1. Subtracting the Cα-Cα distance from 0.36 nm times the residue separation, let me have the gained length for THR147 to ARG342 in nm, one decimal.
2. Heavy atoms of the protein only, probe of 1.4 Å, neighbouring chains included. What is the accessible area of LYS196 in Å², nearest 10?
3. Compactness ratio of the stretch 132-212: Cα Rg over 2.2 N^0.38 Å, N = residue count?
4. Stokes-Einstein at 37 °C, 0.692 mPa s, Kirkwood radius from Cα pairs: D for the stretch 60-157 in µm² s⁻¹?
5. Tell me, what does the Kirkwood hydrodynamic radius of the stretch 265-320 come to in angstroms if you use every pair of distinct C-alpha atoms?
6. Counting only residues 5 or more places away or on other chains, whose amide H sits under 5 Å from the amide H of ALA78 once H atoms are built in the peptide plane?
7. Ratio of the stretch 190-342's C-alpha Rg to 2.2 N^0.38 Å, to two decimals?
8. At 1.4 Å probe size, with no ligands or nucleic acids counted, give the accessible surface of LEU174 in Å², nearest ten.
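The values are calculated or read from the model by the stated rules, or taken from the named source; none is laboratory data. On a predicted model such as this, the values are computed, not experimentally measured, just so you know. As a convention, Cβ positions derive from the backbone with ideal geometry for all residues, glycine included, and neighbour counts pool all protein chains shown. Surface areas here come from the heavy atoms of the whole protein model, side chains and all, with no ligands, DNA or RNA. Shrake-Rupley method; radii C 1.70, N 1.55, O 1.52, S 1.80 Å.
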Amino acid sequence: MRRGVLARFADRLPLTARTPTLTLGEGDTPLIAAPRLAREIGCRFLWLKFEGQNPTGSFKDRGMVLAIAKAVEDGATAAVCASTGNTSASAAAYCAVIGIACRVVVPDGKVALGKLAQAVAHGARIVVLRGNFDEALIAVRAIAKKTGIALVNSVNPYRIEGQKTAAFEIIETLGHAPDGLALPVGNAGNITAYWKGFREAGTKPVLYGIQAAGAAPLVLGTPVAHPETIATAIRIGNPASWAGAVAARDESGGLFGKVTDDQIIEAYRMLASGAGVFCEPASAAPVAGLLQLSRAQPGRFAGQELVAVLTGHGLKDPQTAIGSAPPLGAVVAPGDLEEALR
Ligand code: AN7
């Protein structure tokens with residue numbers, strides 16, 4: 001049974017007797033074997049940590065459940081976040097169940113449709129900002145400071161605490177840490193959280209932080225003013241957890257990599273049609289990154305056990321799924337169906 005992150009990891013989270021009980025059944029996501037991709041990458045095992053199976057369809061739920069519980073413990077009656085989509089969907093759901101107001105600020109025109117639908121359905125008040133995520137985050141940080149409304153972006157340390165539980169689950173399921181773990185990096189909260197989790201468990205896998213080529217400030221070593229990528233979740237030019245990401249890379253002996261939109265779509269298709277796992281474009285970036293590294297240096301991952309974190313569900317972004325697919329066949333009259341299916 002899914003007890004939720006707070007109950008399951010109570011001994012490793014900053015809970016008190018006054019922390020409200022809160023769960024939508026987050027966490028406990030599967031590690032799915034991907035043998036065909038493993039062969040392609042040249043590693044012994046590739047496991048997909050499918051975070052799309054969380055209640056709102058992304059890894060954000062692990063940290064949001066704690067951030068919202070702690071906000072209410074501290075007397076908050078409203079929460080606010082900037083978001084490329086998934087954070088807003090998650091915040092909206094947890095605010096709805098605990099009964100506080102939710103405000104979200106999203107960049108103009110670049111949020112996947114499923115994520116917006118979730119925020120609307122859960123009753124969040126949505127502000128569309130003319131600008132990108134980085135500008136939205138600056139704005140909500142100022143508003144939160146001025147008004148005292150709880151800020152639930154990953155600059156909130158409880159988000160990181162909750163998200164570190166994914167590392168615990170991987171160690172628990174495998175019985176040990178993997179040799180390496182690849183994940184997409186946007187605002188860099190999640191790579192910071194994974195590293196915290198692995199360190200607290202006394203382990204040290206190599207971390208591969210993969211960015212989109214048009215939004216790769218950590219690879220370039222400098223912020224990107226106008227980030228662009230089809231993977232709108234990670235269309236971020238100035239990650240708030242920059243220092244945490246650099247520490248994770250350096251201490252793990254890992255690297256930051258960047259992959260083009262074409263590479264992301266290639267991996268996205270391989271995952272859906274070859275591994276049976278439908279994730280959103282940003283979530284395919286780590287697989288694209290591992291493919292790139294192995295093609296550049298065949299044998300690089302020989303004998304290794306790797307994990308790729310698939311951070312969000314494919315249904316989040318139906319427009320990219322349809323838009324990147326081969327054209328649908330023409331509609332046929334019933335009489336021609338047999339012919340069409342051949
Ligand atoms: C699917 O929702 O930033 O590096 O505002 O939705 O911890 O930011 C989303 C980020 C990866 C990057 N994959 O994680 C937001 C937001 C998916 C995401 C990331 C996001 P971080």
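1. On the way: separation 195, 0.36 × 195 = 70.20 nm, distance 6.31 nm.
Length gained, THR147 through ARG342: 63.9 nm.
2. Answer for LYS196: close to 70 Å² accessible.
3. The stretch 132-212 yields a ratio of 1.29.
4. Numbers: Rh = 12.9 Å.
This corresponds to a translational diffusion coefficient of 255 µm²/s.
5. Working: mean 1/r = 0.0844 Å⁻¹.
In the stretch 265-320 this quantity evaluates to 11.9 Å.
6. Long-range HN contacts for ALA78: ALA101, ALA150.
7. Values: Rg = 18.5 Å, N = 153, 2.2 N^0.38 = 14.9 Å.
Cα-based Rg divided by the globular estimate yields 1.24.
8. 30
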